[in-house]
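Notes follow once the structure below has been shown.
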Amino acid sequence: MDDMFCSFFSIVGDPSNGLFCYAQDYSAHFFCIASFLWTTTIAFTLHRTVVKHKTDVEDFGSIFHLYVWGTSFAMTVLLSIGSNYGQSGAWCLTGSGKKEKVVHLITFYTPLWGAILYNGLTYYQVNRMLSNATRMAVGISDSSYRLDSGAGRKAVNKWGYYPLILIGSWTFATINRIFDFVYPEHKIFWLSLADVWFAGLMGLFNSIAYGLNSSVRRAITERLDLYLPEKVKSLFPQTLKGQQQEHELVSLMVEGQ
């Protein structure tokens, strides 16, 4: 949900009403911060479970909500203090003075890159722990232990996309803000375009990385095999055939059980 609202308010441009002008930037600021702060709660959960071997992560649910929504709200309030909102091209942003730009860098990009560093460090620690567990499992004959270790490795590898997605989505925006702070009179069109484009695609990147699993891919392939003309399917027959055989194998395994 945070990704959706972050992307939506980031692409809404040039609102003519003053109320919507405030709502646009406040909402984008709030939901974008909340979006990447939630990734740190996942990192904390994995670190506490895998590295510290704690099983009390469910008790942190209310703390996570307070941390994410409270921090996002605090950063949004700090942004509004001493800032003169108004139209700035296609968006409503804080004033063009250096003070407003510094406040924006502190209240948005400091939590952003803090989250990226925390996620990266936590991923390294969890990955190292699982590597040690995998080496220990090699000499253990218990196959279930090895399977659990392999499943954990797969989950952690997928979770490692979080810092990469944040870096890919917000690197151009960070460079653009720093460049605008140092050279306020110079604008680079392609950098501004990349800023808006990649930041708005963060939700799409997350959905591809975490939503496009094997079940979803198999369902898409089945629909393509059902509706696409034969001439089109002949362009990639091996892919459809492989997916169809995999689906048939799974069906046979289920029936055999």
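The values are calculated or read from the model by the stated rules, or taken from the named source; none is laboratory data. Note that the structure is predicted; figures quoted are calculated from it, not measured. We place every Cβ from the backbone using ideal geometry, glycine too, and count neighbours over all the protein chains shown. Keep in mind that these areas ignore ligands, DNA and RNA; they rest on the heavy atoms of the full protein, side chains included. Shrake-Rupley method; radii C 1.70, N 1.55, O 1.52, S 1.80 Å.
Observations, loosely collected:
- Qualifying residue in segment 10-18 (condition: part of a helix (DSSP H, G or I), surrounded by 21 or more Cβ atoms within 10 Å (Cβ to Cβ) and at pLDDT below 75): yes
- Any hit, segment 133-148, residues being farther than 30 Å from residue 214 by Cα, at pLDDT below 75 and not hydroxyl-bearing (Ser, Thr, Tyr): yes
- Of the criteria (1) closer than 18 Å to residue 201 by Cβ; (2) out of contact with any strand residue (DSSP E or B) (no Cβ under 8 Å at 6 or more places or on another chain); (3) modelled with pLDDT under 85, which one residue 83 fails: (1)
- Hits in segment 22-65 - residues which are buried (at least 18 other Cβ atoms within 10 Å of the Cβ), out of contact with any Phe, Trp or Tyr (no Cβ under 8 Å at 6 or more places or on another chain) and more than 28 Å from residue 79 (Cβ to Cβ): 47, 50
- Among residues that are open to solvent by less than 40 Å² (accessible area, probe 1.4 Å), of a type in the set (Ser, Thr, Tyr) and modelled with pLDDT of 75 or more, residue 72 is included.
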